Amino acid sequence: MIIPDRLKTESGVRVLEAFESGYINAAHSFSKFIGADIGYVRTHQGLHVVADDETEYMAQIGRHDANLLVATDVIGEVCGKSYLLLNTRELDQLSQRAYGTHDAVMDFKEELVKELDNILSASVISKLSNALHLNMYGNIPMLVNPFNCNLKNMIYDDFAEEAESVYINAIQFTFDKYPELRPCFIWVVDQDIFDRIESKPVHS
């Protein structure tokens with residue numbers, strides 16, 4: 001079930017603006033990492049109840065053709081997780097951009113995508129932490145390869161014991177010269193993020 005009302009409050013606007021700032025930072029870091037102009041489009045924002053009979057409302061968040069996933073736990077005042085979704089073809093092309101060759105072995109490619117996720121997650125977390133005045137940091141990225149699970153089920157498994165509802169904000173990276181590349185970056189945090197920032201003063 002999507003719960004829109006909380007997103008219209010002052011705290012909801014602050015969270016959205018913080019994520020937008022984080023994504024701009026992440027796209028800039030991504031551009032520097034592989035030497036290409038990268039932007040993004042937001043594909044989803046919503047509050048979702050975490051329950052077996054509600055997960056169908058998360059169906060539009062993932063990608064059917066993604067077979068690689070890198071997940072990073074968000075630790076600190078807010079419980080959360082980021083998910084970077086892409087496929088093998090995208091991994092090959094990103095590796096070529098980074099290494100300048102098609103011949104990078106899979107171990108190097110996997111290390112590259114984990115390092116990329118680490119950079120992207122840190123780019124977002126630093127902006128969220130500063131903008132919302134929350135103590136947050138990312139854990140070590142974990143690669144799932146091959147990824148053959150439904151993302152909405154993974155979100156349920158990751159959060160069912162931690163949160164009654166979650167805030168989800170998702171984007172798709174865009175490449176000016178490589179339109180076939182479209183990695184997804186999905187962020188899920190406990191909905192108590194709104195309560196936590198409402199309890200803190202807004203700094204000028």
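Per the listing I168, I140, the residue uniquely in a loop (DSSP other than H, G, I, E, B), under 15 Å from D73 (Cα atoms) and modelled with pLDDT of 90 or more is I140. Considering only residues that are within 14 Å of Q93 (Cβ to Cβ) and surrounded by fewer than 21 Cβ atoms within 10 Å (Cβ to Cβ), which ones fall in region 182-194? R182, the sole residue that qualifies.
Taken over region 3-52, the criterion of being open to solvent by 60 Å² or more (accessible area, probe 1.4 Å), of a type in the set (A, V, I, L, M) and either assigned to a helix (DSSP H, G or I) or touching a His at 6+ places or on another chain (Cβ under 6 Å) (or both) is satisfied by V13, I24.
Inspection of region 48-63 identifies no residue that is in contact with a helix residue (DSSP H, G or I) (Cβ under 8 Å, 6 or more places away or on another chain), at pLDDT 95 or above and under 19 Å from F194 (Cα atoms). Among residues of region 131-143 that are in contact (Cβ under 8 Å) with a residue 24 or more places away in the chain, those with a Cβ under 9 angstrom from a residue that is of a type in the set (S, T, N, Q) and open to solvent by 60 Å² or more (accessible area, probe 1.4 Å), sequence gap 6+ or separate chain, pair up as G138/N118; I140/N118; P141/N118.
For (1) surrounded by 15 or more Cβ atoms within 10 Å (Cβ to Cβ); (2) within 16 Å of F185 (Cα to Cα); (3) within 14 Å of the chain's Cα centre (by Cα), each residue gets a yes or a no:
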position	(1), (2), (3)
D117	yes, yes, yes
L120	yes, yes, yes
A131	yes, no, no
V144	yes, yes, no
N148	no, no, no
K152	yes, yes, yes
I155	yes, yes, yes
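Among the residues making up region 1-46, those that are over 30 Å from A98 (Cα atoms) and within 17 Å of the chain's Cα centre (by Cα) are V15, L16, E17, Q45, G46. Residues in region 145-204 that are more than 20 Å from L47 (Cα to Cα) and of a type in the set (D, E, K, R): 5 in all.
The values are calculated or read from the model by the stated rules, or taken from the named source; none is laboratory data. The structure presented is a predicted model; accordingly, all values stated were derived computationally and were not measured. Quick reminder, even Gly has a Cβ in these numbers, built from the backbone with ideal geometry, and neighbours come from all protein chains shown. Only protein heavy atoms, including side chains, enter the accessible area calculation; ligands, DNA and RNA are left aside. Shrake-Rupley method; radii C 1.70, N 1.55, O 1.52, S 1.80 Å.
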